[in-house]
Every structure is written in structure tokens, then in C-alpha cells.
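Contents: one structure, followed by commentary.
No lab work stands behind these numbers, since they all come straight from the coordinates. Worth saying up front: this structure is predicted, and the values here are computed from it rather than measured. Quick reminder, even Gly has a Cβ in these numbers, built from the backbone with ideal geometry, and neighbours come from all protein chains shown.
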Amino acid sequence: MTYVSVAPAAHLRSWRGQDDATLVGRVLEGDRWASEALYRRHVRRIAATALRMLGDRSEAEDVTQDAFVEALESLEQLRDPSKFRAWLLRIAVRKVQRRFRRRKLRRMIGLANEGDTPLESVLSQGTSPEEAAELRLLRDALERLRASERTAWCLRHIEGYPLAEVASVCGCSLATVKRRIEAAQMRIDRHVGALS
Amino acid sequence: MRPWHERTDDEIIDEESIHRMWRGIEVRRAKGRLRRRWSLAAPAVIAAAAGAMFLWSSSRSPAAPLRLASGVELPSEIAARVVLSDGSVISPQGGTVRVLANRADVFEGLLSEGDARFEVTPGGPRRWIVECGWVQVEVAGTVFEVRRRETFVRVSVERGAVLVRSTHLPEGVRRLEPGESVEVRRPEPQPSRPLQQPQPEQLPATQSSPFASPLSGGVSSERQQIAPAERESFQGMLARADRARAAGESAVAERILLQALARYPGHRDRGVAWFTVARIRLRKGRCEEALGAIDRALEEGLPEALREVARARRTECLEGRRDGLLPGPRDESEPLRQP
């Protein structure tokens with residue numbers, strides 16, 4: 001297996017002024033550097049979103065790679081190339097949701113303990129014990145949510161996406177997203193309130 | 001440092017992670033391309049491999065009897081050119097080849113009449129035997145023709161070598177090389193001499209065997225030979241039967257042999273005795289009775305060389321019975337009981 005080295009940033013400099021639609025067109029024409037340009041343009045957002053939702057760095061990187069592979073391999077299915085970012089985010093979020101479901105299933109069949117996300121991997125060194133306790137409580141509450149509710153809640157409250165974009169990424173209506181977020185918030189409040 | 005959920009994307013994802021993830025993406029895409037290519041080519045590759053395995057197993061499997069090249073079971077009678085599963089070809093002309101045996105170790109066919117060309121693929125796991133009445137052809141990887149007529153059988157070899165067996169050949173067998181041929185003429189049936197009814201008072205006292213009384217010969221010399229010594233051995237009786245046969249007294253010889261068979265039920269040479277009985281009966285044209293004796297001989301056990309000849313004679317009998325060339329049981333005047 002030949003490993004392809006990452007192109008130096010200088011090679012990508014010429015693509016900086018190009019919009020997503022142009023880059024998508026070039027990728028479809030077989031331009032390998034355009035793929036990397038698209039990747040570099042969006043990877044931070046996708047990876048950070050995945051990390052914040054999953055709370056696990058290795059899982060987040062895995063999801064990011066999966067999302068980019070799927071996007072680049074099925075690029076011809078993208079009807080509007082200018083909406084590459086939203087499309088890519090939707091793919092990534094779908095994969096995150098799948099991870100949520102898998103975790104829940106693992107817990108149900110006893111293969112994982114509740115809240116098995118390594119919290120330490122996402123805590124910074126300067127986090128106080130009180131903050132760590134609160135984050136652990138929040139993480140436990142999130143673990144108990146349905147995948148769809150958790151995704152919508154995270155995208156809205158952690159990533160800060162507008163409701164319309166959350167609906168677009170989740171592939172449902174605005175009303176549904178609002179209902180999911182509300183339900184998630186109620187469960188979190190109940191869990192946190194009961195324990196505190 | 002702020003908690004992770006408050007940090008920006010650039011703070012969370014560093015350059016090293018970006019490099020690492022891109023390498024992973026490239027590898028996954030390469031694997032995916034390989035998998036897609038394989039999934040496109042896999043059906044063709046699997047089909048080709050299955051076909052090759054089928055051909056290999058059908059040509060090499062020692063357990064499989066021969067079939068037609070198309071995979072259809074071999075017919076019991078081959079009347080036209082056929083290609084077999086091992087690549088061999090049988091081309092009958094003006095006759096048929098009846099399949100007598102089709103096993104993993106032997107293929108045996110009977111050419112009743114006409115010509116047939118055999119192209120036997122060399123190196124196969126089985127012996128090929130072609131029966132032609134009084135002639136038997138044994139082959140291993142060769143091309144040869146067999147021509148059968150009313151009065152002769154001619155075997156010509158084009159490639160390889162065959163063994164032609166017949167009691168009418170010097171030493172009973174001849175090896176044919178490419179370009180050689182041999183013609184074996186049909187033996188003339190020997191006119192059977194009518195046997196005289198024996199006089200009961202002429203029979204010796206020792207002839208209490210059920211075979212003896214109705215079969216006793218009519219001449220005094222025979223009576224001398226029939227009367228065995230009190231403690232005559234099995235081999236001694238066989239030797240006496242041989243002498244009688246050499247003297248032209250085949251009926252006496254047969255009777256002695258049957259007496260020996262009745263007297264020594266567990267002897268190891270009983271198969272040879274039965275086969276001698278069969279030959280005597282065949283020579284007299286008593287095909288049906290000869291068949292029974294051959295079967296008993298094969299049951300009792302014969303040496304390898306004699307076994308082949310016995311099978312050939314048996315085929316000859318069956319064929320003679322079918323074609324009406326050989327008479328069946330002669331008449332009531334010469335009954336033969338088998339023990």
C-alpha cells in the first residue's frame with residue numbers, strides 16, 4: 001500500500017480564491033489537488049463538530065475521515081456543488097448519530113459501561129474539579145438521549161448552528177428539530193436536577 | 001486554557017491531526033477503489049475458477065465414471081461418435097459399442113459388429129478394454145481401430161499401443177505398436193460327438209455322485225478314466241480330466257471335474273476346475289451351461305490372467321446367446337447338474 005503524502009500548503013495556495021462549486025467541478029474532472037483543497041477548507045469545522053458531539057478524539061477523527069471519503073467518492077451525487085459544506089456536514093452528522101446508536105446498543109447488551117466516553121480526553125488541563133463534575137453530569141445526560149435528540153441539541157447548543165441549518169443537517173423539518181431540542185433539554189434538566 | 005466546548009475549531013484540531021486524517025482518507029479511498037474493482041471483477045474470476053475446478057475435478061477425479069463431454073451420463077449403447085468427459089473419442093461405424101463397465105478404474109465396451117475407432121486420452125486413471133467376442137483389446141492412451149466381421153476381428157493401431165488377447169493368438173496375447181495390425185479369425189465351432197448312453201452295469205461302484213450316473217461316457221476307455229482311486233486328490237482328478245480332454249474325451253473330462261468339485265468343496269483351485277468345465281461346454285457349443293460355469297469360476301476365484309480370459313469368454317457367451325450364433329442347452333440327452 002502506498003501512502004500519499006499530504007501536499008504542502010503552497011500547492012494549495014492557488015485554490016484559496018476558488019469557491020466550493022469550482023473545486024467540486026475540478027475534483028470531478030480528476031484533479032487530486034482540488035480534493036485536498038476541499039478537505040483543508042472544511043476539515044476543521046467537521047472534525048471539531050464531531051469531537052464536540054462525540055467527546056472522543058479518536059472517534060471524531062474516524063468520523064471525519066469516513067465523512068470525507070464518502071463525500072469525495074460520491075461527489076457526482078451532489079446536485080448543487082455550492083452547497084458542499086452543508087452536504088458534508090450532513091454526512092458527518094449522520095455518522096455521528098450512528099455512533100450514538102452503536103454506543104447505546106453496546107450499553108444495552110452490556111459491552112460498555114454507562115458514559116464510557118473518556119472524559120479526560122476532552123478536558124483541558126486547567127479545568128477545575130467543579131467544571132469537570134458538571135461536564136461529566138452533562139455527558140451522562142447526553143448519553144441517555146435518543147440519537148436524533150442528542151444530535152439536534154448538540155448542533156444547536158454546542159455548535160451554535162441556527163435552527164434552520166440544524167434542520168437541514170438533520171434532514172427534517174424545523175418543527176421536528178424544535179421538538180427534538182426541547183425534548184432533549186427536558187431530559188437533560190431532569191437528569192441534572194435529579195442528581196444535583 | 002478554556003474547556004474543550006468553548007474552544008474554537010482551530011484550537012481543537014491541530015495541523016498534525018489534519019495531516020494524519022488526510023493520510024487516512026487517501027488510504028481508505030485507495031482501498032475502496034481496489035474493493036470496487038474487485039467487486040466488478042470478482043464474479044468473472046469466481047466463475048472462471050469454478051469452471052477450472054470443475055474441469056480439473058471431472059478430468060482428474062478417480063471416483064467419477066466417464067460421462068459425455070456435455071456432462072450427460074454415458075448411454076449404455078454408443079451408436080454414433082461421442083466425445084467423453086476425459087477427452088477420449090469413440091466413433092462406431094456400422095455397429096454399436098455397448099458399455100459393459102464404466103467405473104473409476106475401468107471402461108469396458110463390447111463391439112458387437114462393424115467398425116469402431118477409439119481415441120483414448122493417455123494418462124487417465126482407468127483401463128480401457130474393448131471386447132470383440134473372441135478377441136479382447138486392452139489399451140492405455142492410444143488411437144486404434146477395431147473392425148469386426150462375421151469371421152474375423154482386425155485391430156489396427158494408429159498411435160500408442162494395445163494388447164490384443166485371444167485364445168486364438170499364439171501365447172494368447174499380442175502387443176500392437178503404431179502401424180501394426182492383427183487379424184484374428186473366428187474359431188470354427190467343433191462338431192460335438194454324440195455321446196453313447198452308458199450301461200448301468202458298466203458303471204463302477206464308486207460312481208454314486210449325482211453327476212456320475214446320468215453323464216457316464218459310453219466307451220470302455222472312459223470308464224477306466226472315470227473310476228477314480230479311492231483317495232484320489234483334487235489335483236489328481238484334475239490331471240486325469242486333462243488326460244481325458246487330451247484324448248478327445250471331453251465329456252469324461254467334464255464328469256471328472258464335476259466329481260472333483262463335489263468331493264472337495266473347499267479346495268482353492270475350484271475356480272480353475274469350474275473354468276475348465278466352462279471351456280469344455282463352450283467347445284461343445286453349450287453356451288448357457290458354460291455361462292453358469294464361468295460365473296461359478298469367477299465366484300470361486302481365478303488367477304489374474306485366467307480371470308481376464310474368463311470375462312472375455314463370458315462376453316462371448318452373452319453375445320452368442322444374443323445373436324443366436326451359439327446354441328443354448330443342447331438337449332435332454334446330455335443333462336448337466338451343477339452342485
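Note on B:Thr142, A:Thr49: ascending count of other Cβ atoms within 10 Å places them as B:Thr142, A:Thr49, the fewest first.
In summary, the lysines within cross-link reach of A:Lys95, defined as a Cα separation below 16 angstrom excluding same-chain residues under 8 places away, comprise A:Lys104.
A cut-off of 5 Å between modelled amide H atoms, ignoring neighbours fewer than 5 places along the same chain, links B:Val99 with B:Glu77, B:Ile78, B:Leu110.
In this structure, the amide hydrogen of B:Asp86, modeled 1.01 Å from its nitrogen in the peptide plane, lies closer than 5 angstrom to those of B:Arg67, counting only residues at least 5 positions away or on a different chain. Cα to Cα, under 17 Å, and not fewer than 8 places away if on the same chain: which aspartates and glutamates meet these conditions relative to B:Lys31? Cross-link targets: A:Asp62, A:Asp66, A:Glu70, A:Glu73. Based on Cα contacts under 8 Å between residues 6+ apart, segment B:222-323 shows a relative contact order of 20 percent.
As a proxy for reagent exposure, A:Cys170, A:Cys154 were ordered by neighbouring Cβ count within 10 angstrom, fewest first; the result is A:Cys170, A:Cys154.
Among B:Glu249, B:Glu15, B:Glu316, the order by Cβ neighbours within 10 angstrom, fewest to most, reads B:Glu15, B:Glu249, B:Glu316.
In plain terms, the bigger the Kirkwood radius, the slower the diffusion; for segment A:123-196, with that radius from Cα pairs, at 25 °C and 0.890 mPa s, Stokes-Einstein puts D at 189 µm²/s.
If R0 is taken as 35 Å, the Cβ-Cβ distance between B:Leu163 and B:Glu77 corresponds to a FRET efficiency of 0.90. With a Förster radius of 30 Å applied to the beta-carbon distance between A:Arg136 and A:Thr176, the computed FRET efficiency rounds to 0.50.
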